[in-house]
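Just so it is clear, none of the values below were taken in a lab; they were calculated from the coordinates. Predicted model only: the values in this text are computed from it and were never measured. Here the Cβ is made from the backbone with ideal geometry for all residues, glycine too, and neighbour counts use every protein chain on show.
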């Protein structure tokens, strides 16, 4: 039964145009983003050289050097304004902040930009929404009484498609390093592998959230809209505002932030240097969101007539 369900869902996905369009769109978006960070001299546009930025960062690592680093940056800004007034021609293209970074570091930038989950939300909304817009399940008599199995297979397909987007993002990072960077240094180590797996788990949890909303409302638009709002950071913003209110109300430490327990913020903030506490919290967060949304979606399809 599982094999038949898997084959049926795989065939349905293979016939969706969005299955092929979304990865292509992802590659284009990632390349454009990386072009800005790798081929545009952002430091130069602000009147800084790479050496200036490194010196300011080093001075700013201690309390004693903070004032000195601030004044150095302030003076550099004044000098840049005077230079641009004296010379109307200045170079835009050059070595950006990520020009000489390894692919692994570039990949964290691309995943943290949340473009991937935005496109995943569109796919999930269309994939699950088609069940209701076409009356698909009414024609699948072979699966009568097997909704739990079918729901599980569909979540498996979403997980696999999330992996496909994850790999396409990595491929785009490699292409960016080869095309716009100093060279291709994959930087694959234990930290990168752990980062890849955990962020994939977070994208699966995000896909489950969108799928649950789509099942609940029987609407493509509702699922996609929720995904777009979440990937735009709306929930993280709301959580941050709520955190400030709670901090003042109960006189809590400034490090308290409800946004730390959202999928999108963990996906945006996590990097190769995240400590063990952060990693464990992120894994727990992803699992909790996935289990809750999976069970809620399952409850919906078991208790009501899909037709």
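Gain on full extension, evaluated as 0.36 nm per residue between residue 277 and residue 250 minus their Cα-Cα distance, stands at 7.3 nm.
Please give the Cα centre distance for segment 256-281 versus segment 1-16, rounded to the nearest Å. If we compute the Cα centre of each part, the gap is 35 Å. Solvent-free Debye calculation, one equal scatterer per alpha-carbon of segment 244-298: log10 I(q)/I(0) at 0.16, 0.19, 0.29, 0.32 Å⁻¹ equals -0.61, -0.78, -1.07, -1.17. Neighbour counting of Cβ atoms within 10 Å sorts the residues 25, 280, 153, fewest neighbours leading, into 280, 25, 153. Fewest-first ordering of 302, 12, 154 by other beta carbons within 10 Å of each residue's beta carbon gives 302, 12, 154.
By how many nm would the segment from residue 232 to residue 100 grow when fully extended, if each residue of separation counts as 0.36 nm and the alpha-carbon distance is taken off? Spell out each step's value before the answer.
Numbers: separation 132, 0.36 × 132 = 47.52 nm, distance 2.85 nm.
Length difference between fully extended and current span is 44.7 nm.
If you average the C-alpha positions of segment 168-204 and of segment 95-119 separately, how far apart do those two centres end up, in angstrom? About 8 Å separates the Cα centre of segment 168-204 from the one of segment 95-119. Based on C-alpha pairs under 8 angstrom that are at least 6 apart in sequence, segment 98-239 has a relative contact order of 47 percent. For 195, 261, 99, the sequence from fewest to most other C-beta atoms within 10 Å is 261, 99, 195. Multiplying the residue separation of residue 3 and residue 27 by 0.36 nm and removing their Cα-Cα distance gives an extension gain of 5.5 nm.
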